[in-house]
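What follows is a set of notes on a single structure, which appears directly below.
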């Protein structure tokens, strides 16, 4: 079944991820099938194929429901504090649908309305609405956006600006007082308080390439870490923390590498490179790096005639966000990396089959199912397995993230 589901981050003004909208489609349905059938199949696939709590990483889900799905109690598959029932504005003016929505509201669910248009007939039912979603797509030239936001705020509603794809759209949404933001630009936007990484003083690039080789050389990795005092200190501190609960402390880089293992090492290196002195880091952007890297390496296994290895596909996904993390043009960052031209050209201009793979990943993130399908066909990747691979990669990344960010908490608890 060619069902696709992707999550898109919804962030607040501090750029903290507060929830994910779940976007879905089901291409296996025959022409003429209703939206209800598509939605039901996609939601069922979402709930039955995976642990939705792991997929959402503990955040709230924004999920669109039709009137029939509301009548069939589908929202009750989710707990009230983990779901925002998202509806089109046409449902609110339908008396039958309005009664259903009011019942869900009384049960404790929050309600979001997409593309709400203010008119006298809507004012009487505003009490049941918590969020108003406003479309900031360049294709949407609605002149009443500012009025919708101002009136919504005057009624105490939270405003979610979605389809934020450019700096201009983000600036406009922020200036108009939107509460939350959603779109490819904000998911990759660096928090303004994050300082620029002094990458020239780090062995990060060489180390990332070394640990992701098909056959990593432990001596090479040891040498790279050993000549960087900050990396050596951080590695020994990590493996000697309460998180690993060692009977005997590691006293050398090689001992630490054996304990940590190459799998965790490459994740730790990337995380460490962008961690600030105050302990903060651009969480969502680094998670995107991990997810793209894992997704690319998994999809490569099913792609035909690829000029790059699985480890190179991993690097391609991981390095795709470096321009934003380094706060400089990606082309300038890539010039410093000892990676193949196939990866560089793919990241900069989508060239070659590696570029098609990269484009597939980006189109999946945007829920651009048509472009994603075209890329999959070009690479010979069975479309029926893409969604399942995405689910598995999301869970893997969430698990990795928890493991990487827990050691510091363990140390704090031990020192109390």
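The values are calculated or read from the model by the stated rules, or taken from the named source; none is laboratory data. Not measured: the values here are computed from a predicted model. We place every Cβ from the backbone using ideal geometry, glycine too, and count neighbours over all the protein chains shown.
Tell me the residue from 342, 371 that is in contact with a helix residue (DSSP H, G or I) (Cβ under 7 Å, 6 or more places away or on another chain), assigned to a helix (DSSP H, G or I) and under 17 Å from residue 297 (Cβ atoms), please.
Selected residue: 342, the only one of 342, 371 that is in contact with a helix residue (DSSP H, G or I) (Cβ under 7 Å, 6 or more places away or on another chain), assigned to a helix (DSSP H, G or I) and under 17 Å from residue 297 (Cβ atoms).
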(request) Within the range 81-120, count every residue that is within 23 Å of the chain's Cα centre (by Cα) and modelled with pLDDT under 85. (result) 0
(message) Can you say whether residue 142 is without any contact (Cβ under 8 Å) to a residue 24 or more places away in the chain, surrounded by fewer than 20 Cβ atoms within 10 Å (Cβ to Cβ) and either over 24 Å from the mean Cα position of the chain (by Cα) or not in a strand (DSSP E or B) (or both), as far as the supplied structure shows?
(response) yes
(request) State whether one or more residues within the range 203-210 are at pLDDT below 70, closer than 22 Å to residue 337 by Cβ, in a loop (DSSP other than H, G, I, E, B) and not assigned by TED's automatic domain parsing to the domain that holds residue 326. (result) yes
(request) Considering each of 65, 78 in turn, give the residue that is surrounded by 13 or more Cβ atoms within 10 Å (Cβ to Cβ), modelled with pLDDT of 80 or more and in contact with a strand residue (DSSP E or B) (Cβ under 6 Å, 6 or more places away or on another chain). (result) 65
(message) When you check residue 113 against the structure, is it outside the structural domain of residue 362 (by TED's automatic domain parsing), part of a strand (DSSP E or B), crowded, with 16+ Cβ neighbours inside 10 Å and out of contact with any helix residue (DSSP H, G or I) (no Cβ under 6 Å at 6 or more places or on another chain), yes or no?
(response) no
(request) Can you work out which of the residues in the range 164-192 that are in a loop (DSSP other than H, G, I, E, B) and surrounded by 20 or more Cβ atoms within 10 Å (Cβ to Cβ) is nearest to the chain's Cα centre (by Cα)? (result) 183
(request) Would you check if residue 379 is under 21 Å from residue 286 (Cβ atoms) and modelled with pLDDT of 90 or more? (result) no
